[in-house]
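Trainee: This is the structure, below, for whatever I ask next.
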Amino acid sequence: MKRLNRPFFHRPTLTVARDLLGCTLVRILEGQRLAGTIVEVEAYIGEADQACHASRGRTPRNSVMYGTPGMLYVYFTYGMHHCANIVTEREDFPAAVLIRAIHPTDGISQMIRFRGRDSLPELTSGPAKLCQALAIDRALNGEDLTTSSRIWLEPGSSIPEERVATGPRIGVEGAREAALYPWRFWVSGDPCLSRPRRIKST
DNA sequence: CTCTCGATGCGCT
DNA sequence: GCGCATCGAGAGA
């Protein structure tokens, strides 16, 4: 199967974020394929972005963001949740795209088991939910999505411009004016979007 | 439906 | 110690 390669990720983060909509996130677990279409993402760009984990410089935790584009950056937060990001731009420039929601397509019964919920939108409609549904944790931090046999991205149907909505990122209020940047992208009307979808696209 | 709040581990100041 | 790029239960309307 075709997968997204290095040049795709080695581009401006906002471009990568928008183009990731409609692509398929694939996770192989014990020989089984778990997958879904990306429907919501957020961009985090550089040390100047007050909402970015790298805003206070390089640390052991965020070092993957400074690495090769196409790597997976997984972090642990709130004492119980994981979030998955895709590293973008050139090496040594910290930037990534947070996967906030996917629309399940393959391995749904396994996702139901991992999540302990059985309604389709509840499986993957949030950054920590989809990590639980796909069994993504820190063991995958730094994984190369262009070569890994455990997790990767495949091109999907391209989403036309009129179905792409943008707005401020979620949960970053402490980030001063960066909290207002319209760096969240989603597929308008998809049933698997994350919770706060009150922001209208129009 | 909306809002509030507790859970829970750890990276970093 | 503090503060999380969150989630889900529970209460109230």
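Taken together, the values in this text are just the output of simple stated rules run on the coordinates, not laboratory data. None of these values were measured; they are calculated from a predicted model. Note that we place each Cβ from the backbone using ideal geometry, even for glycine, and neighbour counts take in every protein chain shown.
Trainee: With a Förster radius of 25 Å, plug the Cβ-Cβ distance of A:Ser157 and A:Arg117 into 1/(1 + (r/R0)^6) and report the FRET value to the nearest 0.05.
Mentor: On the way: r = 27 Å, r/R0 = 1.06.
The calculated FRET efficiency here is 0.40.
Trainee: Taking the Cα centre of chain A as the origin, how large is its charge dipole in debye, to the nearest 20, when only Lys and Arg (+1) and Asp and Glu (-1) carry charge on their Cβ atoms?
Mentor: Details: 26 positive and 21 negative charges, 61 e Å.
Dipole about the Cα centre, nearest 20: 300 debye.
Trainee: For A:Thr77 and A:Arg150, calculate 0.36 nm times their separation in residues minus their Cα-Cα distance, and state this gained length in nm to one decimal. List each step's numbers first, then the result.
Mentor: On the way: separation 73, 0.36 × 73 = 26.28 nm, distance 2.26 nm.
That pair, A:Thr77 and A:Arg150, stretches by 24.0 nm at full extension.
Trainee: Rounded to two decimals, what is Rg over Rh for region A:44-143 when you use alpha-carbon atoms and the Kirkwood radius? Before the final figure, lay out the partial values.
Mentor: Values: Rg = 14.3 Å, Rh = 14.0 Å.
For region A:44-143, the value is 1.02.
Trainee: When only C-alpha pairs under 8 Å and at least 6 residues apart count, what is the relative contact order of chain A, in percent? Don't jump to the answer; show the numbers that get you there.
Mentor: On the way: 476 pairs, mean separation 55.7, N = 202.
Relative contact order of chain A: 28 percent.
Trainee: Now for a separate question. Can you list, bin by bin at 5 Å, the percent of alpha carbon pairs in chain A, starting at 0?
Mentor: Result, from short to long distances: 1, 8, 17, 22, 22, 17, 9, 3, 0, 0 percent.
Trainee: Under 16 Å from a point 7 Å along the Cα-to-Cβ line of A:Ser109: which residues of region A:35-67 have their amide N that close?
Mentor: Counting backbone N atoms under 16 Å from the label point, the list is A:35.
Trainee: While we're looking at this one, here's another question. For region A:1-92, give the magnitude of the charge dipole about the Cα centre (Cβ charges: +1 Lys/Arg, -1 Asp/Glu; no others), in debye to the nearest 20.
Mentor: Numbers: 11 positive and 9 negative charges, 57 e Å.
So the magnitude is around 280 debye.
Trainee: When only alpha-carbon atoms are used, what values of Rg and Dmax, in angstrom, describe region A:114-202?
Mentor: When restricted to Cα atoms, region A:114-202 yields Rg and Dmax of 15.4, 40 Å.
Trainee: If we count other beta carbons within 10 Å of each Cβ, what is the order of A:Ser194, A:Ser125, fewest first?
Mentor: Values: A:Ser194 22, A:Ser125 25.
Going from sparsest to densest Cβ surroundings: A:Ser194, A:Ser125.
Trainee: Moving on to the next point. Would you work out which of A:Ile28, A:Gln132, A:Thr146 lies farthest towards the positive end of the dipole of chain A, given +1 charges on the beta-carbon of Lys and Arg and -1 on that of Asp and Glu, about the Cα centre?
Mentor: A:Gln132
Trainee: Round to a whole angstrom and tell me the spacing of the C-alpha centers of region A:11-70 and region A:170-185.
Mentor: 16 Å
Trainee: Another one. Compute from the Cα atoms of region A:4-82 the Rg and the Dmax, the latter being the longest Cα-Cα distance, and quote both in angstrom.
Mentor: 14.1, 41
Trainee: To continue, here is another question. Taking GluC sites (Glu not before Pro) that fall in a DSSP loop and have at most 12 other Cβ atoms within 10 Å as cut points, what is the longest piece of chain A between them? Please report the intermediate quantities before stating the final value.
Mentor: Details: sites that count: A:Glu30, A:Glu91.
For GluC sites (Glu not before Pro) (loop position, at most 12 other Cβ atoms within 10 Å), the longest site-free span of chain A is A:92-202.
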